[in-house]
Amino acid sequence: MNLELYVFYLFSFLLLFSSINVIISNNAVKSAVYLVASFFFSAVLWLILNAEFLSVILILVYVGAVMVLFLFVVMMLDVNVTPLKEGFVKYFTAGLAVFLSMAVLLVIFFNRDFEGGQQNVLTEINIISNDNTENLGYVLYTEYLLAFEIAAIILLLGIISAITLTHKKNTINKYQSPNEQVDVKRDDRVQILNDEDLK
């Protein structure tokens, strides 16, 4: 066994350990930290498998942005552990059924005979370049161009929907208009009253 295989087993064990702690930890902050560690160990495994682009993207997007934001949100919330435990017991049967179904599907998937099937796309384009990023870009913009454009349109629609919902005009709350405040003159706002007007 070479050193690369030992490193693979080490980070695989660390990934399993951190993933289990995400589930069994009672503290939401600790679960988020363990989830960050799980993403990091997954990125190391991808790096060992020569998928350096996916490894860097996993660290930058999930660990660097999404999980840090999620961690700050969890730290600011007062999460009560007792309702979480009650909900876990309530949905234990359904969760066990889903787990067994996924286990059966995984066993069926890995016992399939893949001989005679289509060749992996990555092996077909290895002649183009030894760079993993260039190969991935070639596949996205040639073989999967339509799917890539559809995904981009879906993300654009999500951004537009979020902006539309955020900037929806609220008729209940009152807002000040700075432009109208600047244009107002003294005669429009101040009214001088005499003694006769007060009688």
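Filter segment 82-136 down to the residues that are of a type in the set (S, T, Y), within 30 Å of S25 (Cα to Cα) and surrounded by 10 or more Cβ atoms within 10 Å (Cβ to Cβ), then identify the one that is modelled with the highest pLDDT.
First, the residues of segment 82-136 that are of a type in the set (S, T, Y): 82, 91, 93, 101, 123, 129, 133.
Checking which are within 30 Å of S25 (Cα to Cα) leaves us with 82, 91, 93, 101.
Retained after the next criterion (residues that are surrounded by 10 or more Cβ atoms within 10 Å (Cβ to Cβ)): 91, 101.
Numbers: Y91: 73, S101: 89.
Only one residue fits best here, namely S101.
Hey, can you tell me all the residues within segment 32-53 that are more than 19 Å from L5 (Cβ to Cβ) and either outside any helix (DSSP H, G or I) or without any contact (Cβ under 8 Å) to a residue 40 or more places away in the chain (or both)?
Correct list: V33, Y34, L35, V36, A37, S38, F39, F40.
Return yes or no: is F70 hydrophobic (A, V, I, L, M, F, W, C) and within 22 Å of L3 (Cα to Cα)? Steps first, please.
Numbers: hydrophobic (A, V, I, L, M, F, W, C): yes; within 22 Å of L3 (Cα to Cα): no.
No: the conditions fail for F70.
Looking only at segment 12-27, count every residue that is surrounded by fewer than 18 Cβ atoms within 10 Å (Cβ to Cβ) and part of a helix (DSSP H, G or I) and tell me the total. Can you show your working first?
To start, the set of residues in segment 12-27 that are surrounded by fewer than 18 Cβ atoms within 10 Å (Cβ to Cβ) comprises 12-14, 16-17, 19-27.
Okay, now just the ones that are also part of a helix (DSSP H, G or I), so 12-14, 16-17, 19-24.
Qualifying residue count, segment 12-27: 11.
For segment 164-182, what are the residues that are modelled with pLDDT under 70 and hydrophobic (A, V, I, L, M, F, W, C)?
Start the filter on segment 164-182 by keeping residues that are modelled with pLDDT under 70, which leaves 168-173, 175.
I172 - this is the single residue of segment 164-182 that is modelled with pLDDT under 70 and hydrophobic (A, V, I, L, M, F, W, C).
The values are calculated or read from the model by the stated rules, or taken from the named source; none is laboratory data. Note that the coordinates shown come from a computational prediction; the quantities given were computed from them, not determined experimentally. Cβ sites come from the backbone with ideal geometry, for glycine too, and all protein chains shown count toward neighbours.
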